[in-house]
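The values are calculated or read from the model by the stated rules, or taken from the named source; none is laboratory data. Fair warning: this is a prediction, and the values are worked out from it, not measured in the lab. Reconstructed Cβ throughout: ideal geometry from the backbone, glycine too, with neighbour counts over all protein chains shown. Only protein heavy atoms, including side chains, enter the accessible area calculation; ligands, DNA and RNA are left aside. Shrake-Rupley method; radii C 1.70, N 1.55, O 1.52, S 1.80 Å.
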Amino acid sequence: MNRASDACLGESVFWERLASGLGVYVLPRSTWRRWSALLAVDFGALDRCLWWGDTATAQELPAGVAHFLEHRLFEKGTGDITERFSAHGLEVDADTAFTHTGFSCSGRGSFATGLALLFELAFAAHFDDAGVTREREIIAHEIRLSADAPDWVGYFQALETVFPGAPLVEDIAGTPESLERIDAPLLRRCHDALYRATNAALYVCGDVDPETVVRCCEQQLRRYPRLEVPSGAQVRRPVVSPRPGGRRVSALPVARPYLTLVFGDPEAGLSGPSLLRREMAVEMALYALFGPGSAFYCAAYEAGLIESSSFGFEAAIEPTFGACLLGGETSEPAKLEDAVVTTLDRACRFGLELADFELARRKMYGDLVRVYDSADVCVDALHSAVSCGAGPIDFLAIHQQVSLAEAESCLRSILRPEGCGVSLIVPAEASAGAAGKSA
Amino acid sequence: MREQAGDLGSFELGPATYLHVDPRDDLKTIRTELLVTEELRPGRNTRLALVARLLERGTRRLPGLRQVSRFVDELYGADFSVSVERLGAYQALRVTLETVDPRFLPPGEALQERAFEFLHDVLRDPMVDEGGFPVQAVAQEKAALANLIASQGNDKLAYAQRRCRQIMGAGEPWALSVLGEPDDLPAVDARGLLEFLHELLQHGRIDVYLSGRLDPAAGVQQWSAFFDWPRRPRPLRPDRDRGRVPSAACRTIREPLDGSQGRLVLGYRTPIGIADPQYASLALLNQLWGADAQSRLFRVVREQSGLCYHIASDLEAASRLAFVSAGIEPRDYEEVVARIGDELGRIAAGQVPEEDLRSASALLQTRLMALDEDPAGLALFDYQQRLAGSGRTRADLCAALAAATVETVAEAAAGLCLDTTYLACPRGAELEVAE
């Protein structure tokens, strides 16, 4: 097997691409008694077109189909597969993200059983009309449940200001209208096309032996011969470039306004170590400028503009898009927006303080080390690195390379005040006149 | 000093002062959690909520939020927080600091010594001014806390759960909010808050949990020196409800909600607490009924009937309570309530296949043993057991889970009394429900 190690942490990841195309990545921890596995299929909410072979035309997919598929895969005709995981004391979960669908399982012992069930969960499909109709109702409930959550609504509304019309501004679960277009034949077609070994990878961390994991995978793949043959179908994700930031305001039943500022990455399209490096650099810049130890944070907190439990920021630099979001609840959204923009404007002109950058670098180092204390977090980190084309354990080595100049360069490229999109959620009764600044 | 029984190496350092050590070589962090526990009483919840926020804001040596934040960043992003933990009739000030093990840092970083001193300063030498916390900081934190309390309504399901608890528990300590009450805030002053802290540190029960690459003997020596102030702990009153058969109000409450979907919460009382021998059966009842995706409520109400997306039961054995919550359309109210009751009734009637019981037991046992790799979870388990006066280890609880039967689970189910059915109903849908 291939092996990638981090000498400082004393950790090694063993990996192999099986003949079927399935990537298998294992981080063994012999002293642990628990293991965690993530089976990631390269099909997510952004994938709205299915291309077959060399044909020039694509089948358009309704919003929410990857998420719908994830829900229905738990139903196996003989009942919900969750019960069979439980019978072995195994935990199971699934999650649909922008660019993948993840099926996770964890337990103590019973790894071979867990893997067999995980493969069955993802790769053995049973779609019937009655079940699909019922699922449509359940997902409609899910959409309505999140329709009044300000952070959820604010997140997508913010993305819409810089990526108007792109699939990533739509709810991962779809819309009531798009759900009507999802039926059993469509789910069957998507599953058959995209749930293949070449389109998936397995990540395992904990009380397991890498060779045994590989053998178990090969054994399981033999149960599903279909998986080993590429379907000829693929999803293509065009690089999404941001537009100059717009402004959107909506009203929800909230106590105070909820402000989210968003910045799209104009240089999206990177992959591998250079993508991780860009993501870390911009994260360090954000932390240096807006982290709890920054001059901004201290002043905004003491002025009552931000609250520690709701103010936050994140950078999502993906191969086909990049975005930084920043914000939270505030009584004075216009003042908070001004404070953020002024801070960015000054930083773009004069750069970052070296001391602030070094603290951000230290903070990130601690966060990266902490990843290896949890099997569940570990498998997510392995997937995050591999899915963007980097090595499974590249994070720490890349972290060491990020310089102040690089953080400043990313800051000036991504976090430009003139590229800022603004999303504001206002309390419903105040929506008529409280739109912060004019559009 | 006495070593105590339990899942961890536990030592009594002084009166009502305990150190619990989880020495492990395979962790990359060293975690310290300190809990100062007292009985939960009206007014004291608000003051504790404020004190927790103020202790995060500075020490005499690091006088300000920015200085504290930069200090923990210097410790390679140490995870530092001061918060409030509530457990049944008790509340605790919780201080947590997690640092990277020095093995993974450049040589010469005296991280642990600095972290230890910092923790001492947080509790014993906070930022003060003229005999109280700084007046300006207190004013800011009171305003921030008032905003936070007001914003609790943003999460509609959590709001409905809180309302149901308040309605059920008028006069009960467990109904008091962890964030405190807005009406208490005007009367709280900077000097009184500092006195409150001193009183808490003098009279509260203290538990310190350590995990990571540690030598227990060195930990005992170091932490014995930490408590360098006079301590006169007041004994915590034991669980007053032990053995009491609950009486339930059986009320139905509907309140209007500004939101897109109805939020339903059913509150139940149970005679079984954490320390009771039937606790394992109660935990299994919760698992079978609604705790997870393989539970009956999820299967029947969501998957088979499509009546909701979220439905779950939740056990609060420290308060002898159980809740079921769901996001529903108001028109489905009667049906969902009936199905929740039907499923509980079936379990109470012993209609539980043996394999379902074994699955639920296997899952709960796996979760308990998985705490081996979850120091925070293990500390919480141990703390809950000790505070309940149970002294039960994970192995004890696993044995009790394995020994539980369909009959003992049925008894636990039969003992649940529905107290309050609460529906937060979107405006405009109220009439539909009333009809």
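Can you confirm whether segment A:226-239 contains a residue that is β-branched (Val, Ile, Thr), under 26 Å from the mean Cα position of the chain (by Cα) and within 30 Å of A:Gly421 (Cα to Cα)? Lay out the reasoning, then the answer.
First pass over segment A:226-239, keeping only residues β-branched (Val, Ile, Thr): A:229, A:235, A:239.
From what's left, under 26 Å from the mean Cα position of the chain (by Cα): A:235, A:239.
Next cut, within 30 Å of A:Gly421 (Cα to Cα) only: A:235, A:239.
There is at least one residue in segment A:226-239 that is β-branched (Val, Ile, Thr), under 26 Å from the mean Cα position of the chain (by Cα) and within 30 Å of A:Gly421 (Cα to Cα).
Results for (1) within 14 Å of chain A (Cβ to nearest Cβ); (2) open to solvent by less than 50 Å² (accessible area, probe 1.4 Å); (3) modelled with pLDDT under 95, shown as yes or no for each residue.
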{"site": "B:Asp26", "(1), (2), (3)": "yes, yes, yes"}
{"site": "B:Arg60", "(1), (2), (3)": "no, no, no"}
{"site": "B:Gly88", "(1), (2), (3)": "no, yes, yes"}
{"site": "B:Leu97", "(1), (2), (3)": "yes, yes, no"}
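Okay, residues lined up against (1) modelled with pLDDT of 95 or more; (2) not in a strand (DSSP E or B):
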site: B:Leu282; (1), (2): yes, yes
site: B:Asn286; (1), (2): yes, yes
site: B:Trp289; (1), (2): yes, yes
site: B:Glu303; (1), (2): no, yes
site: B:Gly306; (1), (2): no, yes
site: B:Leu315; (1), (2): yes, no
site: B:Ala322; (1), (2): yes, no
site: B:Ser325; (1), (2): yes, no
site: B:Val336; (1), (2): yes, yes
Matching residues in segment A:274-303 - criterion: being over 30 Å from B:Gln136 (Cα atoms) and away from every other protein chain (no Cβ under 13 Å) = A:Ser274, A:Leu275, A:Leu276, A:Arg277, A:Arg278, A:Glu279, A:Met280, A:Ala281, A:Val282, A:Ala285
If you take the residues in segment B:345-355 that are out of contact with any helix residue (DSSP H, G or I) (no Cβ under 6 Å at 6 or more places or on another chain) and closer than 17 Å to B:Glu411 by Cβ, which one is surrounded by the fewest Cβ atoms within 10 Å (Cβ to Cβ)?
-> B:Glu354
All positions within segment B:133-160 that are surrounded by 16 or more Cβ atoms within 10 Å (Cβ to Cβ) and over 29 Å from the mean Cα position of the chain (by Cα) = B:Pro134
Tally, over segment A:289-319, of residues that are in a loop (DSSP other than H, G, I, E, B) and either crowded, with 18+ Cβ neighbours inside 10 Å or not assigned by TED's automatic domain parsing to the domain that holds A:Leu344 (or both) = 10
Do we have B:Arg269 as touching a Leu at 6+ places or on another chain (Cβ under 8 Å), among the basic types (Lys, Arg) and open to solvent by 30 Å² or more (accessible area, probe 1.4 Å) here?
-> yes
Options B:Val301, B:Val336, B:Val324; residue that is farther than 30 Å from A:Gly206 by Cα, more than 10 Å from chain A (Cβ to nearest Cβ), touching a Ser or Thr at 6+ places or on another chain (Cβ under 7 Å) and open to solvent by less than 30 Å² (accessible area, probe 1.4 Å) = B:Val324
Open to solvent by less than 40 Å² (accessible area, probe 1.4 Å), assigned by TED's automatic domain parsing to the domain that holds B:Ala16, closer than 18 Å to B:Ala52 by Cβ and in contact (Cβ under 8 Å) with a residue 24 or more places away in the chain - does that describe any residue in segment B:213-229?
-> no
Single match in A:Arg226, A:Arg222 (criterion: more than 23 Å from A:Glu70 (Cβ to Cβ) and open to solvent by 70 Å² or more (accessible area, probe 1.4 Å)) = A:Arg222
Is there a residue being among the charged types (D, E, K, R), touching a helix residue (DSSP H, G or I) at 6+ places or on another chain (Cβ under 6 Å) and either buried (at least 24 other Cβ atoms within 10 Å of the Cβ) or within 13 Å of chain A (Cβ to nearest Cβ) (or both) anywhere in segment B:289-298?
-> yes
Can you pull out the residues in segment B:99-109 that are out of contact with any Leu (no Cβ under 7 Å at 6 or more places or on another chain), more than 11 Å from every other protein chain (Cβ to nearest Cβ) and within 21 Å of B:Asp25 (Cβ to Cβ)?
-> B:Pro107
Which listed residue, of A:Gly109, A:Gly114, A:Gly102, A:Gly44, is outside any helix (DSSP H, G or I), under 30 Å from B:Val352 (Cα atoms) and in the same structural domain as A:Asn199 (by TED's automatic domain parsing) | A:Gly109
Answer from B:Leu34, B:Leu55 - the residue that is closer than 30 Å to B:Gly169 by Cβ, in contact (Cβ under 8 Å) with a residue 60 or more places away in the chain and within 18 Å of the chain's Cα centre (by Cα) | B:Leu34
A:Arg248 passes all but one of (1) open to solvent by 70 Å² or more (accessible area, probe 1.4 Å); (2) without any contact (Cβ under 8 Å) to a residue 60 or more places away in the chain; which number fails?
-> (2)
Filtering segment A:114-141 for residues that are within 12 Å of chain B (Cβ to nearest Cβ) and open to solvent by 30 Å² or more (accessible area, probe 1.4 Å) leaves a count of 5
Pair list, Cβ < 8 Å and 6+ apart or interchain, from segment B:64-77 residues that are in contact (Cβ under 8 Å) with a residue 60 or more places away in the chain to residues that are part of a helix (DSSP H, G or I) | B:Gly64/A:Cys298
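Among the residues of segment A:65-79, is there at least one that is assigned by TED's automatic domain parsing to the domain that holds A:Val204, in contact with a Phe, Trp or Tyr (Cβ under 7 Å, 6 or more places away or on another chain) and part of a strand (DSSP E or B)? First the steps, then the outcome.
From segment A:65-79, those assigned by TED's automatic domain parsing to the domain that holds A:Val204 are A:65-79; that's our starting set.
Checking which are in contact with a Phe, Trp or Tyr (Cβ under 7 Å, 6 or more places away or on another chain) leaves us with A:66, A:72.
Filter once more, so that each one left must be part of a strand (DSSP E or B): none.
No; the residues of segment A:65-79 include none that is assigned by TED's automatic domain parsing to the domain that holds A:Val204, in contact with a Phe, Trp or Tyr (Cβ under 7 Å, 6 or more places away or on another chain) and part of a strand (DSSP E or B).
Quick one: is A:Phe263 farther than 30 Å from B:Gly259 by Cβ, surrounded by fewer than 24 Cβ atoms within 10 Å (Cβ to Cβ), of a type in the set (Phe, Trp, Tyr) and touching a residue at least 40 places away in the same chain (Cβ under 8 Å)?
Numbers: farther than 30 Å from B:Gly259 by Cβ: yes; surrounded by fewer than 24 Cβ atoms within 10 Å (Cβ to Cβ): no; of a type in the set (Phe, Trp, Tyr): yes; touching a residue at least 40 places away in the same chain (Cβ under 8 Å): yes.
The answer is no for A:Phe263.
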